[in-house]
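The values are calculated or read from the model by the stated rules, or taken from the named source; none is laboratory data. None of these values were measured; they are calculated from a predicted model. Don't worry about glycine lacking a Cβ; one is built from the backbone with ideal geometry, like all the others, and counts go over all protein chains shown. With ligands, DNA and RNA removed, areas are computed over all heavy atoms of the protein, side chains included. Shrake-Rupley method; radii C 1.70, N 1.55, O 1.52, S 1.80 Å.
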Amino acid sequence: MLILIINSGSSSLKYQVREIHDDGSEPDQPILTKGLVERIGVPGSGIPDHAAALEQVDAHLEEVLAGRTIDAAGHRVVHGGERFSAPALVTMEVIRAIERLAPLAPLHNPAAAQGLRAITARWREMPQVVVFDTSFHQSMPEEAWRYALPDALYTEHGIRRYGFHGTSHDLVTGVAAQTLGIERDQFRAVVLHLGNGASATAIRDGKSVDTSMGYTPLAGLVMGTRSGDVDPSVITQLISRGIYTAEQMDHLLNKESGLLGLSGNADMREVVEAAEAGDTAARTALEVASYRLAKYVGGYHVAVDGAQAIVFTAGIGENSAPFRAAVLDRLGALGVQYSAELNEQRSGEPRVISTPDSAIPVLVVPTDEEQAIGALTLQVAQQHGKL
Ligand code: AMP
């Protein structure tokens, strides 16, 4: 079976075609083709919208698939609001619901809806499934998702913590539980998705009970270019003093802050290299980022009543031994002990890097959001008798 996986960004469209068997397993080389269309909607690019981008993808697929047809499409959608706590089979009503959630993700949801409409028009009979970044966190209790703001902000404007990276946190939770031989529905963990964007999630009974991103993906950890947590008054004061407009402030917090703001570099590899070469700004960036993350781990250890695992994933979590060490070195109070040798080893497999006497096992688990979206697409389409 061939599944087309689509990840529509605000001005880009990433795609993959994956081979997947009826039982959900994959061959050794599951990716038939993949690509990226960029500069969508940018004047002069010749790609006015996501529908036009999909036409490009379609033309490319006809060439490479040599007569084979796509059986289903799975779309990553950033925001499912409170409506979607699980992946859904696409209907016109589901597309309209995604469009209605646009105020929560003004750049992403309309782009995703355009892609959905374009595919529906092009392949009317093909089952499509939407997988939301927010769904996994709909299990959070109110004490975790509520902000201490007047009730009307929630009831009238939907202002609350939603959380993101859900597909990855979900996948990695399952793999970590399996690696440790613990039943998923009894598994308590702190999962750290550390990529360009970064979030920590508290897992109890295999479900998300708290997460560091909030109403938007700006909250929480120090990221490549995002600030994570800051005192909200910093923002209101700088705007009311006329130093920044709201739009400039948004850009500053999302694109010019985090590791980039602190050290001049957004890429963890380069920050670590600069720190090792003695650059003090890079050292500070690593200290601020690892300290912030360690505080979240401590907090979530409490939130889940004692974690049975601390799990690292995504670009930095999987690959940056120095950053993992910088975080783990701060967790002595939790009885965490890791092996420097295991931490340094590179592998594409899930693995334990703590020592046997560590109070909490520490794991590195590779994430693969596209694979997870492919598997969920097959599962949902099969449940509805579409495949
Ligand atoms: P992701 O968003 O999961 O693709 O992660 C991207 C981030 O992973 C990049 O910004 C890099 O900083 C980081 N990264 C990837 N490989 C390495 C590595 N070998 N060492 C440190 N950081 C890495």
Loop-only GluC sites (Glu not before Pro) in region 109-209, please: DSSP not H, G, I, E or B, and at most 15 other Cβ atoms within 10 Å.
125, 183
Per residue, how much accessible area does region 246-320 show when a 1.4 Å probe rolls over the protein heavy atoms, in square angstrom?
47 Å²
Binned Cα-Cα distance frequencies in region 44-131 - 10 Å width, integer %:
16, 47, 29, 7, 0
Rg and Dmax of the chain, Cα atoms only, in Å:
21.2, 62
Carbon plus sulfur fraction of accessible area for the chain, probe 1.4 Å, in percent:
50 percent
Among the GluC sites (Glu not before Pro) in region 198-300, which ones are in a DSSP loop with at most 14 other Cβ atoms within 10 Å of the Cβ? Mind listing them?
256
Measure off 7 Å from each Cα along the Cα-to-Cβ vector at residue 122 and residue 23, then give the distance between these two points in nanometres to one decimal.
3.3 nm
Using 0.36 nm times the number of residues separating residue 39 and residue 56, minus their current alpha carbon distance, what extension gain do you get?
4.8 nm
Where does the chain land at 222 nm, in deg cm²/dmol rounded to the nearest 500, when only DSSP H runs of n ≥ 4 count, each adding -39500 (n - 2.57), divided by all residues?
-12000 deg cm²/dmol
Check: in the chain the Lys pairs 8 or more apart or on separate chains whose Cα atoms fall under 28 Å apart number 7
For the chain, what is the relative contact order in percent, using Cα pairs closer than 8 Å and at least 6 residues apart in sequence?
15 percent
Cleavage-rule hits, chymotrypsin sites (Phe, Trp or Tyr not before Pro), region 114-156, DSSP coil, Cβ neighbours within 10 Å at most 12
147
Which translational diffusion coefficient, to the nearest whole µm²/s, is obtained for region 84-234 from the Stokes-Einstein equation, given a Kirkwood hydrodynamic radius over C-alpha pairs, 20 °C and 1.002 mPa s?
127 µm²/s
At the level of C-alpha centres, the distance separating region 80-151 and region 193-241, in angstrom, is 20 Å
Dipole magnitude of region 207-253 about its Cα centre (Cβ charges: Lys, Arg +1; Asp, Glu -1), debye to nearest 20:
40 debye
If r is the Cβ-Cβ distance from residue 146 to residue 337 and R0 is 45 Å, what FRET efficiency results, to the nearest 0.05?
0.80
For region 127-195, compute Rh as the Kirkwood radius over C-alpha pairs and then the Stokes-Einstein diffusion coefficient at 37 °C and 0.692 mPa s; write the answer in µm²/s, rounded to an integer.
232 µm²/s
Whole percent per 10 Å bin, from 0 to the bin with the longest distance: what is P(r) over all C-alpha pairs of region 253-368?
14, 43, 34, 10, 0
Helix hunt in the chain: which complete DSSP H runs extend at least 27 Å axially by C-alpha with mean Kyte-Doolittle at least -0.5?
280-303
What size of dipole, in debye to the nearest 20, comes out for the chain about its Cα centre when the only charges are +1 on Lys and Arg C-beta atoms and -1 on Asp and Glu C-beta atoms?
620 debye
